[in-house]
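S.K.: There's a structure below that I have some questions on.
A short reminder: the numbers here are calculations on the coordinates, not readings from a lab. Treat the numbers as computed from the prediction; the structure is a model and nothing was measured.
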Amino acid sequence: MSTRFFATTAAVLIALVSLSSCGNTIRGVGKDVAGTVEGTQAAGRSVDHAARR
């Protein structure tokens, strides 16, 4: 087996790991944004409820 084969294999493996990590990060950010939106909506409902008193 040649050095070029090992270099190509290593590059492919690094690319796969990088892409899977990127996918996990994007999912995590999506969950964080969803949590922020839910928190903001809950705060808005609390303010609305307090204003109606």
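S.K.: Residue separation times 0.36 nm, minus the C-alpha to C-alpha distance between I26 and T40: what's the value?
M.R.: 2.9 nm
S.K.: What is the extension gain from I14 to V33, computed as 0.36 nm multiplied by their sequence separation minus the C-alpha to C-alpha distance, in nm to one decimal?
M.R.: Separation in residues times 0.36 nm, less the Cα-Cα distance, equals 4.0 nm.
S.K.: Now, a different point. Does anyone have the angle between helix 3-51 and the longest principal axis of the chain? Alpha-carbon axes, 0 to 90°, nearest 10?
M.R.: Tilt of helix 3-51: around 0 degrees.
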